[in-house]
Every structure is written in structure tokens, then in C-alpha cells.
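K.L.:
The following block contains the structure, expressed as C-alpha cells.
FYI, it's all coordinate maths here, none of it is from the lab. Computed from a prediction, not measured in an experiment: that's the story for all the values here. Neighbour counts run over all protein chains shown; Cβ positions are idealised from the backbone, glycine included.
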Amino acid sequence: MNYISFLALDSHEAVRPVFLMVLGVVLTILTWRLARTSGVWTARFLVAGALLLGFGYAVMMPLFEAGVIERYVPGAQGQRGAATALAWHVVKIVVMNTGWLLFGTGIAMHAKSLDAPASRPCTQSPNLTHP
Amino acid sequence: MNPLLEVILNQGLLFDALGVIGLGLLGMAAVRLARRNQSWGGTMMAVGAIALLLARFYLMLAPHFVDDDLLYSIGPIGASLTIALPPLLLSMGFAGIVWGLWGHERRLRDENR
């Protein structure tokens, strides 16, 4: 039965929010440092996505887990503070998904996945920041 | 209700698709980074993105096919896995992405030094 308790360790109510908070802050700091050496729009996408994800993981998810923010239950009648729960639910959906979209786009631009392949010989000077 | 709110609430697939597209871009870019720079950070980021995508697909699909019959047929260990595994995948996927980003960023600094 040992492995079941090991698997349940991560869903422990205290460990997971703290873990997510640390990871969210670390992600924001690392992305800030990565964005300093990137191009203008790459840095903007990266930092915007990391700030959204950092807010989502470091502030909003622990508040959800701690019960400070009520979870939205669709179709529940007479829920106390239903409008607030609905608003936070919408904020969670938008922040988490937009954050991953922006961060993924930023990393893809950083890896030059989105650049079109050169169809003719390049006449510009080579980019020296990314050898 | 505000029509924008209604779209966000009822067309949940739309915003889930945004997140899935972002994670897919992240995974592809991470594989590319791993192949170009020979850094383990890219591999770690790709593994993390795959774990997050798996957990997302499970969470989207689970309400449609997980019921008491299925839980009974897979036994107590399987049932506890359905409870324990999605948070584990979500946390470990995010941790993999952050860890891979750290490794990649350190690799870039070492190369530029």
C-alpha cells in the first residue's frame, strides 16, 4: 500500500499549493531573465504569459485550494456569493489558458519555430545573440 | 447575462483550445531547443508539456466516461489512480516546464559567457 500513499502525497491539501506558489514565482523570475536576452516581441510575449501564469499559479490557485474563493458550481441554486464565484471562475479560465497561449508563443518565437524558412539567400548580417 | 460571459462559460472548449495550442507550441519549441542546443532543459520542458496536455485531456474527457461501473471494474488501485494521477500530472508537468526553463536559461548564459 506504500505506493498509493506516495501518490496521494501530491494531492495533500497543504503540499500542492505551496509547491505551485514556489513554481509560479520561479517561472516568473526565470522568464524575466530569459527575456532580457531576447528580441522585443519575444520578450513581450514571454513576460506577459509568465506574469499571467505566475498570478494564476502563485496567487489564484492557492486561494481556490484554501477555500477563500468559492468554487463555481453550475446550476447550483442559492449559492452564497454566486456572482463572485462565477467571476473568479471566468478569470481562472481566461488567465490560465491565455497565459499558456502567450507563454507557448513566446517560447516558440524564442526557439525560432515561427520564423518562415528562408526561401532565398539571407542578405542581412547574422544574428549574434543566438548563435 | 453578459454575452461575453456566456460565451466563456458555455463554449469552454474555445478557451481550452487556446491553452492546448499554447502547450503544443511550447512542446514543439522545446523539442527544437533540445535538438539545436543539445540541452536537457528542452527535453524536460517537452516532457512537462506532454504531462500537462495528458492531464488536460483526461480532465476534459473524464466527466463523459468515468462512472461507478468503470470505477468498480478497474478495482480500488485503479480508482485511487484516477483520483491521484491528474493532480500529480498537473503539478509535475508544471514543475518539469519550470525546471527545463531553468536548465535552458543556465545553458544560454554558459554559452554567452
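K.L.:
How much of the pair distance distribution for segment B:68-107 lies past 11 Å, counting alpha-carbon pairs only, in percent?
P.N.:
68
K.L.:
By counting other Cβ atoms within 10 Å of each Cβ, how are A:89, B:64 ranked from fewest to most?
P.N.:
Numbers: A:89 20, B:64 7.
So the ranking, lowest neighbour count to highest, is B:64, A:89.
K.L.:
Could you calculate the FRET efficiency of residue B:81 with residue A:14 from 1/(1 + (r/R0)^6), where r is the beta carbon distance between them and R0 is 30 Å, rounded to 0.05?
P.N.:
Given R0 = 30 Å and the Cβ-Cβ separation, E is 0.85.
K.L.:
Then there's this: Pull out a ≥ b ≥ c, the square roots of the eigenvalues of the alpha-carbon gyration tensor of chain B, then state rounded if a/c is under 1.5, prolate if not and a/b is larger than b/c, and oblate in the remaining case. Walk me through the numbers on the way to the answer.
P.N.:
On the way: a/c = 3.33, a/b = 1.53, b/c = 2.17.
Oblate is the answer for chain B, as a/c is 1.5 or above yet b/c matches or exceeds a/b.
K.L.:
What nm value, rounded to one decimal, do you get for the distance between residue A:37 and residue B:35 when each label is placed 7 Å out toward the C-beta?
P.N.:
Label at residue A:37, label at residue B:35, 2.2 nm between them.
K.L.:
Let me ask another. With a Förster radius of 25 Å, plug the Cβ-Cβ distance of residue A:21 and residue B:54 into 1/(1 + (r/R0)^6) and report the FRET value to the nearest 0.05.
P.N.:
Taking R0 as 25 Å, the efficiency between residue A:21 and residue B:54 is 0.60.
K.L.:
Over chain B, what is the mean sequence separation of C-alpha contacts under 8 Å (at least six apart), divided by residue count, expressed as relative contact order in percent?
P.N.:
After rounding, I find 33 percent.
K.L.:
Taking the dipole about the Cα centre of the protein assembly as shown, with the C-beta of Lys and Arg at +1 and of Asp and Glu at -1, give me whichever of B:84, B:13, A:47 is farthest to the positive side.
P.N.:
Value: A:47.
K.L.:
Answer with one residue from A:26, B:22, B:103: the one whose Cα lies farthest towards the positive end of the charge dipole of the protein assembly as shown, charges on Cβ with Lys, Arg +1 and Asp, Glu -1.
P.N.:
Comparing the listed Cα positions along the dipole, B:103 ranks first.
K.L.:
State the volume of the convex hull built on the alpha-carbon positions of the protein assembly as shown, expressed per residue in Å³ and rounded to an integer.
P.N.:
Cα convex hull per residue, to the nearest whole number: 169 Å³.
K.L.:
Sticking with this structure for a sec: Treat every Asp and Glu Cβ in segment B:3-112 as -1 and every Lys and Arg Cβ as +1, leave all other atoms uncharged, and give the resulting dipole magnitude about the Cα centre to the nearest 20 debye.
P.N.:
700
K.L.:
What average number of partner chain Cβ atoms lie no more than 10 Å from the Cβ of the residues making up B:37-45? Don't skip to the answer; put the middle values down first.
P.N.:
On the way: counts 3, 0, 0, 0, 0, 2, 0, 0, 1.
Mean shielding count: 1.
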